[in-house]
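**Student:** One structure, pasted below without further comment.
What follows draws every value from the coordinates through simple rules; no lab data is involved. Keep in mind that this is a model prediction, so the values were computed, not measured. Cβ coordinates were reconstructed from backbone atoms using ideal geometry, including for glycine residues, and neighbour counts include every protein chain displayed.
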Amino acid sequence: MPEKASCAQAEPAQKRQSDLKRAFAEDGALKTHVGGQALIEGVMMRGKFNWAAAVREPSGKIYVEEHDLASGKKKNGWLYWPIVRGCRAFVESLVLGYKALEIAALHAYAEVSSDDSPADGGAEGACTAAASSGVQPRRDSASSPSEVRHARETPSVSGAAEPLAGSLAEESRDDAVKPGVLSTPEKRAFSWKDDFGNPDEMIDALGAQRSLEVVCEPASPAAAGEAAQACGDVCAQPFEASVTGSAPTGSNPAQDAADAKQPDAAVEASAKGVESAGIAEDEEETVEFGKKEMAISMALGMVLGVVLFIVAPAFIANLLVGEYDAHTLAWNIVDGIVRVAIFVFYIWLIGRMQDIKRMFGYHGAEHKTIHCYEHGLPLTPENARSFPRLHVRCGTAFLIMVMIIAIFVYTITPLNALIAAWGVPDGPIKLALVIVVRIVLMPVIAGISYEITVKWAGSHPENPLVKVILWPGMQMQKLTTREPDDGQIECAIEAMQKVLEREEREAAKAGA
């Protein structure tokens with residue numbers, strides 16, 4: 001009891017401090033190498049030997065999938081040299097991040113199967129009932145069961161998250177629409193003051209559709225036409241035969257027997273048409289996001305990044321300052337400021353979308369879980385909840401450091417000598433050369449930023465200079481993280497435990 005009372009008294013004092021101060025003051029003694037990434041309704045954690053993704057499914061269960069990491073240190077040791085290891089880590093994080101997002105997209109929006117909806121009126125049954133009545137169930141600690149479904153047949157995780165208080169059935173009873181009562185939300189007029197910049201409101205105001213609907217042709221037109229013709233023949237039978245069920249009578253017994261078999265043929269043809277249409281529908285539903293689509297998505301993402309954060313700032317700097325070789329220092333400063341401004345505005349804009357808000361909540365859950373582990377506490381939502389949502393070794397600080405380091409690297413690069421030696425004329429050709437050189441130097445900038453933010457600053461958070469260097473990135477984390485609920489923390493814990501279990505097994509194997 002005294003311990004609980006002291007914890008209860010300490011919690012308000014912690015809340016009075018800002019998350020920024022707490023992130024530096026409460027940095028754990030154990031500096032783990034495990035890192036993570038927020039996903040769609042989930043979290044990905046990565047260790048030395050494997051990475052795991054935990055995703056909250058619509059049924060409320062947590063789907064966990066893990067994959068091995070193939071270390072190439074023995075074969076390609078040069079990839080772990082200073083500066084080079086930063087480029088390698090950046091590319092690996094990009095590839096693994098896309099793979100984890102693919103897993104999350106497949107399971108976060110998967111339809112709830114009939115097996116996951118018991119008829120006894122439990123929590124998951126209430127989830128289905130709420131969905132059928134038009135009420136969307138929440139996926140937080142009070143509404144989602146803490147069952148875990150693994151991609152592999154592995155023993156259940158020790159120390160898994162405990163069942164959370166409350167039930168979805170109670171919430172669905174409170175929020176469900178009463179039978180016979182049609183409740184429609186009142187639509188208010190679009191407000192430029194309140195709604196401009198909110199993507200959801202802008203979509204509604206423009207009358208655009210939110211999803212793509214695919215209209216398919218019948219799977220087998222011949223079968224469908226045969227079924228329709230057969231049905232027409234059945235409808236053409238004499239009324240007396242339909243009522244009494246007796247076979248038609250006539251002078252030709254063989255013809256009568258053939259006519260008597262027509263209903264069975266019609267039913268069979270109709271069944272074939274329906275079955276073929278159902279097979280086509282099932283085939284369309286089982287289409288997944290394959291490797292080809294994954295590669296296209298990554299390529300488009302990289303192109304968009306280059307256009308937003310390299311081409312656009314260079315074009316704006318050229319308009320405001322003039323030619324690059326005439327005002328090199330001012331040109332690079334303006335270019336860097338515009339790049340940071342675009343990045344901050346981009347994060348702020350997407351952060352207003354509801355799905356991205358949820359993802360930022362999982363980002364905060366990832367930080368809290370790592371804080372909890374670094375302090376040596378059991379991984380439970382109760383323990384992790386008390387820690388700040390910011391972390392000094394977050395990748396957001398790395399991105400901001402990349403933009404700051406870029407200003408210095410671009411300034412000291414002897415690009416003017418290259419322009420003079422080649423006799424590059426003013427105008428679009430010179431601007432294109434500047435953009436190409438910036439793209440080529442990106443790996444060098446990423447490597448230097450990695451050494452500063454991850455290797456040095458992450459290992460010396462108590463250094464006053466480190467606090468100054470990490471301050472911009474810590475401020476950005478206020479945009480990229482949100483306070484998570486217990487359900488989101490549960491996902492982060494499940495992914496973290498999968499990675500830690502593998503670390504323990506490898507350590508035991510090495511010590512044997």
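**Student:** Put a dot 7 Å past each Cα toward the Cβ at V91 and I439; how far apart are the dots in nm?
**Tutor:** 1.6 nm
**Student:** Sorted by mean Cβ packing within 10 Å, highest first, what order do the peptides 76-87, 98-109, 418-429 take? Let's see the in-between values first.
**Tutor:** Working: 76-87: 14.2, 98-109: 19.8, 418-429: 11.8.
The peptides rank, most packed first, as 98-109, 76-87, 418-429.
**Student:** Roughly what would the spin-label model give for A330 and I296, points 7 Å off Cα along C-beta, in nm?
**Tutor:** Inter-label distance under the simple model: 4.6 nm.
**Student:** Could you list the chymotrypsin sites (Phe, Trp or Tyr not before Pro) in segment 305-353 that lie in coil according to DSSP, counting only those with at most 15 other Cβ atoms within 10 Å of their Cβ?
**Tutor:** Filter output for segment 305-353: empty list.
**Student:** Same structure, new question: What is the gain in length, in nm to one decimal, between A421 and K478 on full extension, counting 0.36 nm per residue of separation less the C-alpha to C-alpha distance?
**Tutor:** Between A421 and K478, full extension yields 15.9 nm more.
**Student:** Return the inverse of the average 1/r over all pairs of distinct C-alpha atoms in segment 452-512, which is the Kirkwood hydrodynamic radius, in Å to one decimal.
**Tutor:** On the way: mean 1/r = 0.0679 Å⁻¹.
With all distinct Cα pairs of segment 452-512 included, I get 14.7 Å.
**Student:** Output needed: percent of Cα pairs per 5 Å distance bin for segment 356-512, bins running from 0 to the one holding the longest distance.
**Tutor:** Going from the shortest bin to the longest, the percentages are 1, 8, 13, 14, 14, 13, 11, 8, 6, 4, 3, 3, 1, 0.
**Student:** Compute the distance in nm between two label points, each set 7 Å from the Cα along the Cα-to-Cβ direction, one at F315 and one at Y80.
**Tutor:** With each label placed 7 Å out from Cα toward Cβ, I get 4.4 nm.
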